[in-house]
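Written out below as structure tokens is the structure these notes cover.
The values are calculated or read from the model by the stated rules, or taken from the named source; none is laboratory data. These figures come from a predicted structure and were not determined experimentally. Here Cβ is always computed from backbone atoms with ideal geometry, including for glycine, and neighbour counts include all displayed protein chains. Heavy atoms of the whole protein, side chains included, go into the accessibility calculation; ligands, DNA and RNA do not. Shrake-Rupley method; radii C 1.70, N 1.55, O 1.52, S 1.80 Å.
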Amino acid sequence: MFIGHFAPAFAARAITDEAPKLGTLFIAAQLTDWAFFLFAMGGLEHLRLTPGITAMNPLDFYDYPITHSLVGTAGFALGFAIVVGVMLRNAIAATWAAIVVMSHWVLDWVSHRPDLTLAGGPDRHGLGLWNYPVAAILVELALVGLCFWWYLRRTKGPVVPPLILLGTLLLFQVVNWFGPEPETVGFPFLVTGLVAFGILTLVASWVGSTRWHRNEVGLNRASPPL
């Protein structure tokens with residue numbers, strides 16, 4: 001699961017105008033991966049290449065209890081909710097931010113082989129959708145496509161910026177699916193992942209600045225919100 005993680009961000013912004021802006025929700029959607037890549041750089045969590053470990057990629061996430069246990073993800077969700085709640089002074093926005101952060105664990109549980117834990121213990125969980133490439137591709141595209149369509153339906157603004165975002169998401173996903181497999185998972189690989197997250201977040205922030213929710217009415221909606 002890569003761009004599928006951003007589907008809950010689109011959905012949250014479609015549901016209510018009190019959800020944070022799209023760029024903030026994109027950060028929420030991949031917050032635990034941002035942290036995992038940084039922790040892996042520092043040796044706090046670990047991954048390795050194990051060819052054939054799943055049908056879709058050779059990445060073996062064998063040690064990431066801080067960021068990808070259910071309890072760890074909940075901790076990140078709570079922390080992010082507090083930041084959003086303080087900055088926006090809106091408990092509803094904070095709640096949606098937390099929900100989007102938590103969605104990451106659920107989607108990983110669907111797609112990963114059993115490598116997720118509840119609280120860092122020995123029991124591992126995961127439904128292994130990555131072992132069924134056609135199904136995994138269809139599920140991810142359907143998830144993103146439906147939530148993107150819903151976001152467009154529930155917001156107003158020019159259509160070109162969100163189409164650019166969708167095109168960028170699909171381009172990155174095609175590279176992820178069909179590009180050459182990594183030869184190492186060292187610093188260059190981890191930096192590349194962070195750069196990809198950063199580019200998508202910047203584009204999403206731009207899109208969010210050009211669109212507003214259909215529930216937002218009045219003179220303050222004469223132009224798109226920042």
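Listed values, structure above:
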read-out: Boolean, Ala19 is assigned to a helix (DSSP H, G or I) and buried (at least 21 other Cβ atoms within 10 Å of the Cβ); value: no
read-out: Subset of the range 90-117 [open to solvent by 30 Å² or more (accessible area, probe 1.4 Å), among the polar types (S, T, N, Q) and part of a helix (DSSP H, G or I)]; value: Thr95
read-out: Number of the exception - Thr54 against (1) crowded, with 16+ Cβ neighbours inside 10 Å; (2) in a helix (DSSP H, G or I); value: (2)
read-out: Residue match in the range 127-134 (condition: more than 17 Å from the chain's Cα centre (by Cα), farther than 21 Å from Leu170 by Cβ and assigned to a loop (DSSP other than H, G, I, E, B)); value: yes
read-out: Test result for Glu140, acidic (Asp, Glu) and surrounded by fewer than 13 Cβ atoms within 10 Å (Cβ to Cβ); value: no
read-out: Pair list, Cβ under 6 Å, 6 or more apart: the range 69-88 residue under 21 Å from Thr117 (Cα atoms) and open to solvent by 70 Å² or more (accessible area, probe 1.4 Å), other residue of a type in the set (Ser, Thr, Tyr) and at pLDDT 95 or above; value: none
read-out: Residue satisfying all of: in the range 183-202; in contact (Cβ under 8 Å) with a residue 40 or more places away in the chain and surrounded by 15 or more Cβ atoms within 10 Å (Cβ to Cβ); farthest from Phe6 (Cα to Cα) among these; value: Val185
